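What follows is a short report on a single structure.
Since every read-out is calculated from the coordinates, none of them should be taken as a lab result. These numbers come from a predicted model, not from an experiment. Cβ sites come from the backbone with ideal geometry, for glycine too, and all protein chains shown count toward neighbours.
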Amino acid sequence: MSTFAERLYKLRKEKRLARDALGAKIGVSKTAIKNWEDGENMPKVEHVQALAKYFGVSFDWLATGGQTTKLVEPIRQKLDIDIIKELKDKIAAIENRKVAHSEELEPSNALSINNPVPVIEWVAAGSWSEANAVMAYDAFDYLPRPFNFPENGFALKVRGVSMMPKFEPGDFIYVDPNCTFWELKNGDLVVVREGENSEATFKQLVLGETSSDMYLKPLNPDWHEQKMTPKSEWELVGKVVGKWVVF
């Protein structure tokens, strides 16, 4: 049976991706990819999940080669226990944080630490709302849940400077995946992906008189690409309804 390192190497070569390119897809360095392929260490569970979703394979196969019953279930059980402990610790620390919320959310007291919102990787965002059930290892962090926020809602950690000054790198955005294109208004903030295999992106929606006039734009006036039009069909991942900032 092949090893995790061999399976990862084979998948990367089939995609004709350099190590730095694959690392950029899941938010790690090319050195991390090299170490995984050389068998020097194993990635965290959230990185295995992100790799599996990017390559279109199952978590079980990539992690274990298919030995689900003997290997994956004990890993999942331990992972769920560890995540629950971490979550309790994070919830206990929430009151010590200073936070600011965007105007799209309810007032600042309209938050609940019960049933917290999972923070997921950008590479996983496109398929999140399609799943009937969410496994604990999909999330790498949790945030308080705004009241009236949907059960299948999730959060993403802002990367880059294209949405500055309103959204800084490291801010968290709340995403409602139940919104449809027909419900969107000019100026709404959205998370979309172009084609099934692309990673999600966060931008402001600009609507014209017809659907062909629609485009995305960054909030940063100095960003190099001010008008983003799709080369293929856009898929709406969700509408951004608020943000969470840790000072």
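Residues whose amide H lies under 5 Å from that of Tyr142, counting only those 5 or more places away or on a different chain, are Val119; hydrogens are built 1.01 Å from N in the peptide plane.
Across the stretch 179-187, coupling constants 3J(HN,Hα) worked out from phi with the 6.51/-1.76/1.60 Karplus curve, θ = phi - 60°, read 6, 10, 4, 5, 8, 6, 10, 4, x Hz, and Gly and Pro carry x. Taking amide H as placed 1.01 Å from N in the peptide plane, the amide H of Phe154 sits under 5 Å from that of Val175, each at least 5 places away or on another chain. Taking label positions 7 Å along the Cα-Cβ direction at both Glu14 and Val206, the computed distance is 4.0 nm, reported to one decimal. For Gly27, no residue 5 or more places off, or on another chain, has a built amide H under 5 Å of its own.
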